[in-house]
Amino acid sequence: MNGLLAKFVIAGAAGSLLAASPTVAQTLSPASKASHVEIIKGPELEFARSDLAIIRWTSTNPGGDDEHFAVMHYGTDPKDLSETAKSHIRLNRTHAETMFRVRVDGLTPQTTYYYMVTSMGADGESDGVESPVNQFTTPAPGEEIVAYPQPK
């Protein structure tokens, strides 16, 4: 009987060690930051309603902390991009590229907005890349612009 009890104790201890391993593996230290980050596609309008828009772009993977933010500076004057929108993303270390998406709420219908995008780590440090100034116009109430997925 003592032999059987010993087997249960050993099996239980081994099982708890195996179960603990994935938790430890999830706390990775930050990856090395890329020496140069470049926007390789976009930025472009993905979706818009009269009161919100989603802008997307793809850059080379900036590295660093996995927790990142897509950031958009915008306004109705191309020389005054004083409004800011941020959306959280999580980097995938195994991908050479990262798609960023930022949602902007509280927009006015049928208004042209100018914007530029960038990205930053959770620590607030910029990835060192900015887009040129672009623009989009919000549709009238009840209308939508859907650019992705591509309309058929």
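The values are calculated or read from the model by the stated rules, or taken from the named source; none is laboratory data. Here the structure is a predicted model, which is why all the values come from computation and not from measurement. Note: ideal-geometry Cβ built from the backbone for every residue, glycine included; neighbour counts use all protein chains shown.
Here are the numbers for the structure shown:
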quantity	calculated
Top-ranked residue in the stretch 115-150 [being among the small types (Gly, Ala, Ser) and assigned to a strand (DSSP E or B); ranked as farthest from TYR74 (Cα to Cα)]	GLY121
Residue in the stretch 55-64 that is among the polar types (S, T, N, Q), over 18 Å from THR137 (Cα atoms) and modelled with pLDDT under 90 present	yes
Of all residues in the stretch 46-66 being closer than 16 Å to SER87 by Cα and in contact with a Gly (Cβ under 7 Å, 6 or more places away or on another chain), the one that is surrounded by the most Cβ atoms within 10 Å (Cβ to Cβ)	TRP57
Residue identified as in a loop (DSSP other than H, G, I, E, B) and without any contact (Cβ under 8 Å) to a residue 12 or more places away in the chain among THR94, THR108	THR94
Test: VAL102 is at pLDDT 95 or above, surrounded by 14 or more Cβ atoms within 10 Å (Cβ to Cβ) and part of a strand (DSSP E or B)	yes
Residue within the stretch 66-85 that is at pLDDT below 85 and either within 23 Å of SER131 (Cα to Cα) or assigned to a helix (DSSP H, G or I) (or both) present	no
Residue count for the stretch 70-79, restricted to those that are under 12 Å from SER119 (Cα atoms) and either surrounded by fewer than 18 Cβ atoms within 10 Å (Cβ to Cβ) or touching a Phe, Trp or Tyr at 6+ places or on another chain (Cβ under 7 Å) (or both)	3
